[in-house]
Amino acid sequence: MLESTKGIEHTRWDTQPKTGKMAKIKLVLDVLKPHQPNAFEFVQRLLAVEGVYRGKLMLEEMDEKTESTVLEIEGIDLHYEQLIETIASMGGSVHSIDEVEIHDLPDEKSADA
């Protein structure tokens with residue numbers, strides 16, 4: 001399913017591989033956000049999204065009303081739509097997906113063997 005959010009198309013990601021294993025995911029996103037909420041509050045809200053355990057926001061450029069940022073998010077079985085909705089709820093928009101890294105995590109049975 002494709003959705004358009006402020007100029008970028010988003011695909012609904014099925015982050016759980018067909019094997020039923022969980023996946024560790026890292027996303028690097030180019031995000032335009034207003035000055036408020038500040039960087040700390042912005043990342044704190046994203047950490048409340050299910051599966052997210054690490055967030056990092058780096059300021060690239062700033063003008064009178066907005067900040068161009070690079071957002072790194074890491075988590076287990078991330079829900080991409082929830083991330084986009086949370087960013088949008090704070091007045092931000094994703095301009096591009098700059099990096100995606102996905103690692104299958106071994107299931108408990110394989111790890112014990």
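Read the figures in this text as sums done on the coordinates, not as results from a lab. These figures come from a predicted structure and were not determined experimentally. Counting neighbours? That spans all protein chains shown, and the Cβs are built from the backbone with ideal geometry, glycine included.
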**Residue-wise HN-Hα coupling along segment 61-75, computed from phi with Karplus coefficients 6.51, -1.76, 1.60 (Hz; x: Gly, Pro)** = 7, 9, 10, 4, 10, 9, 10, 8, 10, 10, 10, 10, 10, 10, x
**Asked** Where the only charges are on Cβ atoms (+1 Lys, Arg; -1 Asp, Glu), what is the dipole of segment 30-106 about its Cα centre, to the nearest 20 debye?
**Response** 320 debye
**Asked** What FRET efficiency do you get for Gln36 and His103 if R0 is 22 Å and r is their Cβ-Cβ distance, rounded to the nearest 0.05?
**Response** 0.05
**Asked** log10 I(q)/I(0), Debye, Cα-only segment 30-106, no solvent, q = 0.11, 0.12, 0.18, 0.22 Å⁻¹?
**Response** -0.26, -0.31, -0.68, -1.01
**Request:** Note down the relative contact order for segment 30-106 as a percent, whole number, built from C-alpha pairs under 8 angstrom at least six residues apart.
**Result:** 39 percent
**Item:** Amide H contacts under 5 Å for Leu105, placed H, 5+ residues apart
**Value:** Met22, Ala23, Lys24
**Prompt:** Roughly speaking, what is the stretch gain from Ile76 to Leu59, that is 0.36 nm per residue apart minus the C-alpha to C-alpha distance, in nm to one decimal?
**Reply:** 3.6 nm
